[in-house]
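First up is the structure itself, then whatever we jot down about it.
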């Protein structure tokens, strides 16, 4: 279809909405949705997400991008335009737990996740049969302390230019800073706690030990700081003294898969802007 | 402060956002937030809420409204402009239950509800002391089947032009169609069920009888159809077999006051557009 | 393991807990959990669920049941005893929508649903491959207005004595009263609305039309009254004016699968007692 | 009325429920509700809360307690019996923020909080008029670094033996270990974050800085470790990038008052047992 999305962030100032909407109007585009957020009226940042329709968009989009640069320069914009009809391509990383992967596969299969799953990469063989039954390529790349650098080289090679976004769907390996540089704000991880509580390993055991009454999960972009990247989405569920660590894990699996799936959906629909260490999510 | 809000609904078509934002820009206004919703790209309705700052707004707002009419005519707009600094004036109707009234008084007192409470009107004397302790006028107007028309005449007289919005905060009287005509989409009621379940009287008894596992409350604009007006907000809370009708009432009181207070806040911040029998709420 | 669960309902009166716990103690059983609910202290009903451990339970359970009858008679008890280690056997009925079936299969596969899925029965062929990939028998029994009685005879034949509980996982056929008689309080349906709102067909279209701000789903035991049986579980999710009917269906699918899976879990763990048209759920 | 509640914790072992229920039955008591939790069937702890009715309870309760000691000794029980009709007496500590105090006053006034508010103690004069309008004594005891020990001596003097439970309703002073010793598991604090996230001061600023998508509040018993005591209740509410620190505070006030009120209700209804650093809450 003839729809595209434009994401813009820039220093706030008068006339931005007018300039952008006039530009789009002159190009023959019709704005069907727009969401704007200004951090602080005085000297803050301006963020906007615009969905527009443009007849015969494929023939005109490159010209539109070229012409828009003049508007962008005037307001010092960070900006991007994405064709709504062009699915993002995902590489899903997984270890031995299957619930997050299964949810993404199911939502993809049901048409609820508008993306292509280009491949699944794992440090274990366990999910091969499941993944291949969906006719998705499965790459087994074992990782040890010694082979980590080598494994990441292989990852980059396989992923190549074919993939937009990486999803760590309970992938139990820490990604190196060098690797991260290739995908700034394009690697989504699910952490199995309500961050910033229970950073690091065994969060459900930590939660049980502290006696919390709600447990949660957090989807975030991966940065160099472990479990410290921009939070995309969080949710919680009620637990009680009756729930032991295994119960927390079981309940937690349900939150994790829901939270990760929401975050991935918003990402592939270009609903997320990142500013400093936070997300602006237009939903 | 120099802020205003513009609400527009009109048939969708190309160039609306561009026309409005150019107009505002030419007037010297800076858009600080905008929310848009288009019902259906093909032949549907277009809705927008724009917050803008305009230096020395009080001197310019009347001129701006006059000039905007040309833009409005072009697109067949229903539109209004509201000064953010000018508080809406509320008349709260109440009977014998105080929880919804108390919540509004408390939020108003805390500065969370940006409105003036012009008066409280009741068919009972019970709340007089409470209301007058806040230095708010209290009008006792008893209502019986025989005196209903007369009572409503008195209501209109007291309210006069001084009040923008009427809040039925558990006011146990049905408002007549003639009365409603004076305040289209400006009377907010709280119904103590998750509508459309349990329309009419004794909804908690009905809920208990049906054995539901969640109970709710609904804030809506009042129309001629009992409990049938446009829904503004709803929420629910979990209940169990252990809760008898009195427990449901107690739990329900907490939902009712929260839901009503949210609806009133959104209304006084000009966040709600009504189309046919539904609300568009920009939050 | 040596654990069993006892469910009792009877008219309330003094000494019930003492009599039951003395009986269990004398049999050598240790109570590890008990949940009690008395509807109304004066002349109401008494309900209890007791989990107990008994060494070498398989050799003693029949004797225990025989001996308990004397206690039961004294208090006019409805009662049952279930071995925790003996999985309930389920027959899942499904039509063309797969999300509820998939959730049950996934939870079963993950070990979260403690039951055997004895078979899947459908009036369509669509799910055969999926179901058989889990090595679960799939029975295709088409149903038309003319063949309904015949189809239900086939259902009974296939299910036979092998199955404890029937799950209607978005099975789009109404079950006849004659069929229901074979499985009182043992057929669980998921209705795709927050009952009693939106009884009958197309509840999401009804919900969209009414402009509700939350949509829900309801799991209930099936009785002769359509969508009128005892409610086991309900949940809701927030929606907005932006969500069209297809969005409601998508969001609703997630609620439906969660709500049905919870209800089935509670049922197979013997956590539900039915009294008149309501459930007592001990969780 | 003739109702009492018995709370027991002891090492698990066979026959506890039988022994207790036989004892109560022999005393002429009728158990109207019981909730049991066994931490770990093998070698764990056993917890039970029993509500029972006993005719003419005031004349018999002392004898019942005396006689029960024999049962208690047999199983090494920690136990207590509370008359349901005898309200707990509360002292509420408050500083300058009124929302938590107001909620408790309102619930108490509405009859939802079954307790007596014996007094309000504050290090400021601000709330005097409000509190005295409910005919509740108000004690102004200023606290500085130098006068802290002296102030706490005054607190103890005023509270004396008249008060069962202390509520820190946004009381912005740290209570000393010496003071705490007088009220083990009888001082309830509301912390304005979802603990253990954002321990210490300015939790909303911390939350805003981290960009969380839900904020919360935590009611807990106060122990020597700051914000580290047994958690009684927690809840959260959704926030977004649009909410600045003041919005978080406003939203947070609503969560704080609800969470604190729930915790206090459970406490005064004898629903909470503390084991090590966790609560068992029977609701």
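Numbers below:
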quantity: Using a Förster distance of 30 Å, the FRET efficiency for residue B:205-residue D:186 (Cβ separation, nearest 0.05); calculated: 0.20
quantity: Compactness of chain D - radius of gyration and Dmax, Cα, Å; calculated: 20.6, 63
quantity: Cα shape, region C:205-283, gyration tensor, a/c 1.5 rule; calculated: prolate
quantity: Residue-averaged beta-carbon neighbours from other chains (10 angstrom radius) around D:50-62; calculated: 1
quantity: Residue-averaged beta-carbon neighbours from other chains (10 angstrom radius) around D:273-283; calculated: 3
quantity: Overall Cα dimensions of region B:42-193, principal axis frame, Å, largest first; calculated: 51, 35, 32
quantity: Alpha-carbon Rg/Rh ratio, for region C:1-101, with Rh computed the Kirkwood way; calculated: 1.09
quantity: Packing-based ranking, highest mean first, of D:56-62, D:156-162 given that Cβ atoms within 10 Å are counted; calculated: D:56-62, D:156-162
quantity: Cβ-vector label at 7 Å, residue C:148, separations to other copies in nm; calculated: 4.3, 6.4, 7.6
quantity: Angle in degrees between helix C:148-159 and the longest Cα principal axis of chain C, rounded to the nearest 10; calculated: 50
quantity: Nearest residue to the symmetry axis between C and D, taken on chain C by its Cβ, in whole Å; calculated: C:21, 2
quantity: Cβ-Cβ FRET estimate between residue C:136 and residue C:176, R0 fixed at 25 Å, reported to 0.05; calculated: 0.45
quantity: Shortest-first distances to equivalent copies, position residue D:245, nm, label 7 Å out along Cβ; calculated: 3.8, 5.0, 5.1
quantity: Share antiparallel - DSSP beta bridges, chain D, percent rounded to 5; calculated: 70
quantity: Chain C: angle of helix C:57-75 to the longest principal axis, Cα-based, in degrees nearest 10; calculated: 80
quantity: Other copies of residue D:132: label-to-label distances in nm, shortest first, labels 7 Å along the beta-carbon direction; calculated: 2.0, 8.3, 8.5
quantity: CD proxy at 222 nm, helix term only [per DSSP H run n ≥ 4: -39500 (n - 2.57); per residue of the protein assembly as shown; nearest 500]; calculated: -10500 deg cm²/dmol
quantity: Share of Cα-Cα pairs in the protein assembly as shown lying beyond 46 Å, as whole percent; calculated: 39
quantity: Degrees between helix B:245-268 axis and first principal axis of chain B (Cα, 0 to 90, nearest 10); calculated: 20
quantity: Whole-Å semi-axes of region C:59-101's equivalent ellipsoid (Cα gyration tensor); calculated: 36, 15, 6
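Throughout, read-outs are computed from the coordinates displayed, never taken from laboratory work. Predicted, not measured: the structure shown is a model, and the values here were computed from it. We place every Cβ from the backbone using ideal geometry, glycine too, and count neighbours over all the protein chains shown.
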